[in-house]
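The values are calculated or read from the model by the stated rules, or taken from the named source; none is laboratory data. Remember, predicted model here, so these are calculated numbers, not experimental data. Glycine also receives a Cβ, built like all others from the backbone with ideal geometry; neighbour counts cover every protein chain displayed. These accessible areas exclude ligands, DNA and RNA; they are computed on the full protein's heavy atoms, side chains included. Shrake-Rupley method; radii C 1.70, N 1.55, O 1.52, S 1.80 Å.
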Amino acid sequence: MNKEFPKGFFWGGATAANQCEGAWDVDGKGESVADHITAGDRKTVRRFTHKFEEGTQYPSHEAIDYYHHYKEDIAMFAEMGFKMFRMSIAWTRIFPNGDDNEPNKKGIEFYRSVFEECKKYGIEPLVTITHYEMPYNLAKKYDGWADRRCIDYYEKYCKVIFTEYKGLVKYWLTFNEINTGTTQIGTLMSTGVLSSNVVKFDLVNLIEETDEQKSRKFSALHNQFLASAKAVKLAHEIDTKYKVGCMIGGLFNYPFTPNPQDMLETQKRMQISNYMCSDVMVRGHYPHYAQRYFNEQNIEIALKDNDAKVLKDGCVDFYSFSYYATGCVSTDPEALKTAGNLFFGVANPHLKASEWGWQIDEVGLRYFLNEIYTRYELPMMVVENGLGAVDTVEEDGSIHDPYRIEYMRRHIEQMREAIEDGVDLIGYTPWGCIDLVSASTGEMHKRYGMIYVDKDNDGNGTLERSRKDSFYWYKKCIESNGTDLD
Ligand code: BG6
């Protein structure tokens with residue numbers, strides 16, 4: 001028997017609008033950048049296309065049609081005992097073009113109905129304000145977040161949702177995995193900077209970036225920091241009960257060897273790709289190491305006088321992050337490369353990898369929970385975690401996924417250890433609690449869910465939902481507040 005989790009711990013699950021809702025053009029929804037990204041799989045990289053190609057699948061268009069199934073899905077989350085449900089609002093349901101004068105009423109009503117459904121079951125929503133789906137119009141017209149005007153559009157959007165959902169929502173996240181904005185693929189998925197010319201989800205063959213492109217990338221990120229800070233301030237003004245967090249993509253690395261060069265390189269990598277964003281969002285100013293990096297990379301960000309104050313006035317209330325895998329950093333060019341969640345590191349000989357090459361490292365979760373908590377001393381949530389795997393439906397309809405149960409069990413045990421270490425961990429919402437479209441590969445076969453959805457990579461299937469073995473296991477885990485993990 002394991003030790004109990006703290007009372008009131010938020011057990012739950014997580015999704016994102018563009019990966020589950022479908023109904024991409026229904027009830028006044030506008031196009032997002034995500035709607036322009038094709039399906040793919042482990043071998044076929046996803047592509048961004050301005051025009052919709054006939055005969056090509058764009059998986060966000062139907063996804064798992066959560067838009068029409070949400071009542072059934074939330075009922076199943078409730079059956080598992082969820083206390084929290086992390087979901088995102090599609091910006092383009094509220095402001096179809098991002099820069100519209102008036103919000104779209106039908107979009108507002110849809111999410112109100114979703115939140116009311118959660119309330120019915122006592123499930124606390126955790127709402128990502130934008131999760132990898134910038135309005136396409138903003139990306140095209142303004143080059144996405146590279147333009148400061150997006151800050152105002154985002155603020156306007158926040159004002160609408162903070163006002164409309166007062167009393168129904170308490171926890172908000174300003175940007176999903178904001179630090180992906182430091183990566184090349186992030187310019188497409190996260191910041192909508194189309195001038196970067198990143199049109200493929202190719203994580204291996206990166207494009208050579210000009211100084212101008214690097215500057216736009218980090219300016220876009222800077223604008224997101226400002227937008228996030230303004231959102232935090234606004235949220236607190238609208239409802240003093242609101243809690244707003246940052247959401248960082250867990251790009252975690254260890255040094256491959258104790259060679260001081262590897263140690264230093266790892267530190268630098270962690271600083272820029274992982275810590276810089278949360279340092280700004282938690283402390284309200286850029287960390288000491290940022291300027292040297294910008295200088296060395298010839299990155300110029302057009303700062304305005306008031307920016308420092310805006311950042312200072314909008315520090316987040318809690319820290320959240322995704323955690324799937326870890327990698328290693330080496331200064332030895334010969335060291336082997338391994339795939340990871342939007343980052344590449346050298347293979348760690350002590351770890352096994354998932355079928356998609358993501359190295360599974362539950363002990364690392366305890367390690368990094370401690371590292372981050374030491375750094376910020378803020379309440380923390382693990383808002384994504386899980387194993388992407390291929391599931392098989394047996395003849396009798398059952399789905400046996402012991403690999404997923406094992407993955408979750410190990411990570412939950414390590415979270416328990418971290419709490420014992422003194423970390424103020426308040427919630428766990430594993431990713432894709434219901435099968436949905438993979439963000440990196442755009443396929444259905446990379447499944448994370450405890451709930452199976454009948455749909456394949458070609459887009460065929462009944463969309464029927466069914467319970468995997470992990471569904472019953474997680475239900476037991478929640479019922480026992482983390483003590484029964486067998
Ligand atoms: C995170 C994203 O990076 O990882 C999610 O926030 C994504 O949107 C998740 O789905 C898992 O990655 P993937 O590529 O397996 O779907």
For this session: Restrict the check to the range 174-189 and report whether at least one residue is more than 15 Å from the ligand (Cβ to nearest atom) and more than 17 Å from Ala146 (Cα to Cα).
Result: no
Exercise. Limited to the range 10-22, what total is found for residues that are open to solvent by 10 Å² or more (accessible area, probe 1.4 Å) and either part of a loop (DSSP other than H, G, I, E, B) or within 16 Å of the ligand (Cβ to nearest atom) (or both)?
Worked result: 1
Seminar exercise, completed: The number of residues in the range 288-333 that are at pLDDT 95 or above and hydrophobic (A, V, I, L, M, F, W, C) is 11
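One line per residue, one yes/no per condition, for (1) under 30 Å from Phe5 (Cα atoms); (2) open to solvent by less than 60 Å² (accessible area, probe 1.4 Å):
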position	(1), (2)
Glu334	no, no
Trp356	no, yes
Arg366	yes, no
Glu371	yes, no
Pro379	yes, yes
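Please pick out the residue among Ile248, Ile301, Ile272 that is within 16 Å of the ligand (Cβ to nearest atom) and not acidic (Asp, Glu).
Sole residue among the options that is within 16 Å of the ligand (Cβ to nearest atom) and not acidic (Asp, Glu): Ile248.
Does Thr187 satisfy the criteria of being surrounded by fewer than 24 Cβ atoms within 10 Å (Cβ to Cβ) and among the polar types (S, T, N, Q)?
Details: surrounded by fewer than 24 Cβ atoms within 10 Å (Cβ to Cβ): no; among the polar types (S, T, N, Q): yes.
Taking the combined requirement at face value, the residue does not satisfy it.
For (1) of a type outside the set (Phe, Trp, Tyr); (2) at negative phi; (3) more than 16 Å from the ligand (Cβ to nearest atom); (4) surrounded by fewer than 23 Cβ atoms within 10 Å (Cβ to Cβ), each residue gets a yes or a no:
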residue	(1), (2), (3), (4)
Glu406	yes, yes, yes, yes
Pro430	yes, yes, no, no
Asp435	yes, yes, no, no
Ala439	yes, yes, no, no
Gly442	yes, no, no, no
His445	yes, yes, no, yes
Tyr448	no, yes, no, no
Asn460	yes, yes, yes, yes
Leu463	yes, no, yes, yes
Seminar exercise, completed: Scanning the range 209-247 for residues that are part of a loop (DSSP other than H, G, I, E, B), of a type outside the set (S, T, N, Q) and free of Cβ contacts under 8 Å to residues at least 60 places away in the same chain gives Glu209
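This table checks each residue for (1) hydrophobic (A, V, I, L, M, F, W, C); (2) in contact with a Leu (Cβ under 7 Å, 6 or more places away or on another chain); (3) in contact (Cβ under 8 Å) with a residue 40 or more places away in the chain.
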{"position": "Asp152", "(1), (2), (3)": "no, no, no"}
{"position": "Tyr157", "(1), (2), (3)": "no, no, yes"}
{"position": "Leu188", "(1), (2), (3)": "yes, no, yes"}
{"position": "Gly192", "(1), (2), (3)": "no, yes, yes"}
{"position": "Ile207", "(1), (2), (3)": "yes, no, no"}
Exercise. Residue check, Ala308 against (1) open to solvent by 60 Å² or more (accessible area, probe 1.4 Å); (2) of a type in the set (Gly, Ala, Ser); (3) in a loop (DSSP other than H, G, I, E, B), all met but one. Which one?
Worked result: (3)
Exercise. Assuming Ser440 fulfils every condition listed in (1) in contact with a strand residue (DSSP E or B) (Cβ under 9 Å, 6 or more places away or on another chain); (2) in a loop (DSSP other than H, G, I, E, B); (3) touching a residue at least 60 places away in the same chain (Cβ under 8 Å) apart from one, which condition is it?
Worked result: (1)
Exercise. What are the residues in the range 25-44 that are open to solvent by less than 60 Å² (accessible area, probe 1.4 Å) and closer than 16 Å to Val437 by Cα, if any?
Worked result: Ser32, Val33, Ala34, Asp35, His36, Ile37, Thr38, Ala39, Gly40, Asp41
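Which ones in the range 408-422 are touching a helix residue (DSSP H, G or I) at 6+ places or on another chain (Cβ under 6 Å) and open to solvent by 10 Å² or more (accessible area, probe 1.4 Å)?
Filtering the range 408-422 down to residues touching a helix residue (DSSP H, G or I) at 6+ places or on another chain (Cβ under 6 Å) leaves 410-411, 414, 417-418, 421.
Those that are touching a helix residue (DSSP H, G or I) at 6+ places or on another chain (Cβ under 6 Å) and open to solvent by 10 Å² or more (accessible area, probe 1.4 Å): Arg410, Gln414, Glu417, Asp421.
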Seminar exercise, completed: Expected output for the range 122-136 (first residue within 14 Å of the ligand (Cβ to nearest atom), partner modelled with pLDDT under 95, Cβ below 7 Å, 6+ apart or cross-chain) is Tyr132/Met189
Seminar exercise, completed: Over the range 386-424, the set of residues in contact with a Pro (Cβ under 7 Å, 6 or more places away or on another chain) and closer than 22 Å to Lys7 by Cβ is Met408, Ile419, Asp424
